[in-house]
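K.L.:
Quick one: structure below, then a few questions.
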Amino acid sequence: MKVKCVFNIPGDGDLDINKNFTVYGMSIWEDSLNYLLVDDDRPNWYLAKRFEIVNPLLPLIWYFNVRMYEDCDALESIWSYKEMALDPNHYVDLIEREPEALAIFARRKEEIDEYEELRGAK
């Protein structure tokens, strides 16, 4: 899946306008859809409303999961690679830049990028 940044939102990180990004995950949290993207070689979550969809085809390796967080009475839906969707610790570890989580992300990013490249060749 590819998206293009069409505007920036204060407090959500500045991205290059009109730049295309590969989406490595999507989540719905507190009524907001978010995309997991890479900017400056760092994975981060960004509000989806900043982007337009350039290519809607999802990667074949994505999983889907729903998590309930009882401590804050919140529900999260997530589509992403296996570890992101199925392991809530991976989500937190990636945000906190834990080396193991970054290594897992790098492997999954490579797989998704390879898929995107092969798909683009057709």
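The values are calculated or read from the model by the stated rules, or taken from the named source; none is laboratory data. Not measured: the values here are computed from a predicted model. Positions of Cβ are backbone-derived with ideal geometry, glycine not excepted, and every protein chain shown enters the neighbour counts.
K.L.:
Would you check which residues across region 76-96 are exposed (fewer than 12 other Cβ atoms within 10 Å of the Cβ) and farther than 14 Å from L36 by Cα and list them?
P.N.:
Selection gives N89, E96.
K.L.:
Specify which of the listed residues (K49, K2, K82) is of a type in the set (D, E, K, R), more than 19 Å from D113 (Cα to Cα) and modelled with pLDDT of 90 or more.
P.N.:
Being of a type in the set (D, E, K, R), more than 19 Å from D113 (Cα to Cα) and modelled with pLDDT of 90 or more holds for just one of K49, K2, K82, which is K49.
K.L.:
Provide a single number: the residues in region 76-122 that are more than 13 Å from G25 (Cα to Cα) and touching a helix residue (DSSP H, G or I) at 6+ places or on another chain (Cβ under 6 Å).
P.N.:
3
K.L.:
Report the residue count in region 16-44 for those that are within 15 Å of the chain's Cα centre (by Cα) and in a loop (DSSP other than H, G, I, E, B).
P.N.:
Final tally of qualifying residues: 4.
K.L.:
Same structure, new question: Looking only at residues that are of a type in the set (A, V, I, L, M, F, W, C), closer than 22 Å to Y63 by Cβ and modelled with pLDDT of 90 or more in region 9-31, which one is surrounded by the fewest Cβ atoms within 10 Å (Cβ to Cβ)?
P.N.:
Only one residue fits best here, namely I28.
K.L.:
Out of (1) surrounded by 14 or more Cβ atoms within 10 Å (Cβ to Cβ); (2) free of Cβ contacts under 8 Å to residues at least 40 places away in the same chain, what's the single condition that is false for A106?
P.N.:
Among (1) surrounded by 14 or more Cβ atoms within 10 Å (Cβ to Cβ); (2) free of Cβ contacts under 8 Å to residues at least 40 places away in the same chain, the lone unmet condition for A106 is (1).
K.L.:
Out of curiosity, is K49 in contact (Cβ under 8 Å) with a residue 60 or more places away in the chain, in a helix (DSSP H, G or I) and out of contact with any Lys or Arg (no Cβ under 9 Å at 6 or more places or on another chain)? Reasoning before the result, please.
P.N.:
Values: in contact (Cβ under 8 Å) with a residue 60 or more places away in the chain: no; in a helix (DSSP H, G or I): yes; out of contact with any Lys or Arg (no Cβ under 9 Å at 6 or more places or on another chain): yes.
So K49 does not fit the description; no.
K.L.:
Consider R50 carefully, then state whether it is surrounded by 11 or more Cβ atoms within 10 Å (Cβ to Cβ), among the basic types (K, R), closer than 16 Å to S32 by Cβ and in contact with a Cys (Cβ under 9 Å, 6 or more places away or on another chain). Walk me through how you get there before you give the answer.
P.N.:
Details: surrounded by 11 or more Cβ atoms within 10 Å (Cβ to Cβ): yes; among the basic types (K, R): yes; closer than 16 Å to S32 by Cβ: yes; in contact with a Cys (Cβ under 9 Å, 6 or more places away or on another chain): yes.
When the stated conditions are applied, R50 passes them.
K.L.:
Looking only at region 53-75, which residues are surrounded by 11 or more Cβ atoms within 10 Å (Cβ to Cβ) and outside any loop (DSSP other than H, G, I, E, B)?
P.N.:
I53, V54, N55, Y63, F64, N65, R67, Y69, A74, L75
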